[in-house]
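**Q** Please find one structure pasted underneath; my questions will follow.
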Amino acid sequence: MKTILTTLCLLIASMNASYSFVVSEQVTPNKIDSIAVYINDGAKDGCWTNLGEAKRYAEDKLELAGFTVRSSNDKWTPKGYALEITITSRRTNYSDCYGYIRISLYQPKWIDGVYGNFEVGSDGGSFNGYENTNQLILDNIQKFIKAFPK
């Protein structure tokens, strides 16, 4: 019984996450001034080596979807949003990477002196068994932007 349980646990742990992205129906180019793309790199041991490619890919996909993309250094606008791509990852002793991906779309807000993020879309999950996360994150960016309303 212990062997079966151990095998089952290892099988579940080695499965790749399936992400189901959800984005509010109000997220359309005519309701958003612009979107800035931010990268949070928590990957270690060479598990994510193409950060710039992921950022450019997200910006290109947003533009193709009709959104205006601004630099992350530009001033915020009242209807400006942020697309944040976060990866936390490490390499195992046997050379595969494991970790967590999160992609979110939000609008930073100050309301009555309180700061917060108005999140209109997000998802993420864990992964295991990748040499690096480069292709995985590109695939997930594409799925996330495809979840935007038409």
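The values are calculated or read from the model by the stated rules, or taken from the named source; none is laboratory data. Since the model is a prediction, treat every value here as computed from it, not as a measurement. In this analysis, Cβ positions are derived from the backbone assuming ideal geometry, glycine residues included, and neighbour counts consider all displayed protein chains. With ligands, DNA and RNA removed, areas are computed over all heavy atoms of the protein, side chains included. Shrake-Rupley method; radii C 1.70, N 1.55, O 1.52, S 1.80 Å.
**Q** State all residues of segment 58-70 that are open to solvent by 60 Å² or more (accessible area, probe 1.4 Å) and not acidic (Asp, Glu); if no residue qualifies, say none.
**A** Of everything in segment 58-70, those that are open to solvent by 60 Å² or more (accessible area, probe 1.4 Å) and not acidic (Asp, Glu) turn out to be Leu64, Thr68.
**Q** Okay, moving on. Count, please, the residues in segment 78-107 that happen to be over 17 Å from the mean Cα position of the chain (by Cα) and closer than 23 Å to Ala147 by Cα.
**A** Qualifying residue count, segment 78-107: 2.
**Q** Continuing with the same structure: Working only within segment 92-141, note down all residues that are open to solvent by 60 Å² or more (accessible area, probe 1.4 Å) and polar (S, T, N, Q).
**A** Correct list: Asn93, Ser95, Asn117, Ser126, Gln135.
**Q** Right, here's the next one. For segment 102-141, which positions are under 13 Å from Leu83 (Cα atoms) and aliphatic (A, V, I, L, M)?
**A** The answer is Ile103, Leu105, Val120, Ile141.
**Q** Here's a follow-up. Looking at the structure I just gave you, is Ser122 among the small types (Gly, Ala, Ser), within 17 Å of the chain's Cα centre (by Cα) and within 17 Å of Val23 (Cβ to Cβ)? Walk me through how you get there before you give the answer.
**A** Details: among the small types (Gly, Ala, Ser): yes; within 17 Å of the chain's Cα centre (by Cα): yes; within 17 Å of Val23 (Cβ to Cβ): yes.
Answer is yes for this residue.
**Q** Identify, please: which residue in segment 24-60 is in a helix (DSSP H, G or I) and small (Gly, Ala, Ser) and is, among those, nearest to Arg70 (Cα to Cα)?
**A** Ala58
**Q** Which of the residues spanning segment 27-54 are more than 22 Å from Asn128 (Cα to Cα) and either more than 15 Å from the chain's Cα centre (by Cα) or open to solvent by 40 Å² or more (accessible area, probe 1.4 Å) (or both)?
**A** Hits for segment 27-54 are Val27, Thr28, Pro29, Asn30, Lys31, Ile32, Asp33, Ser34, Tyr38.
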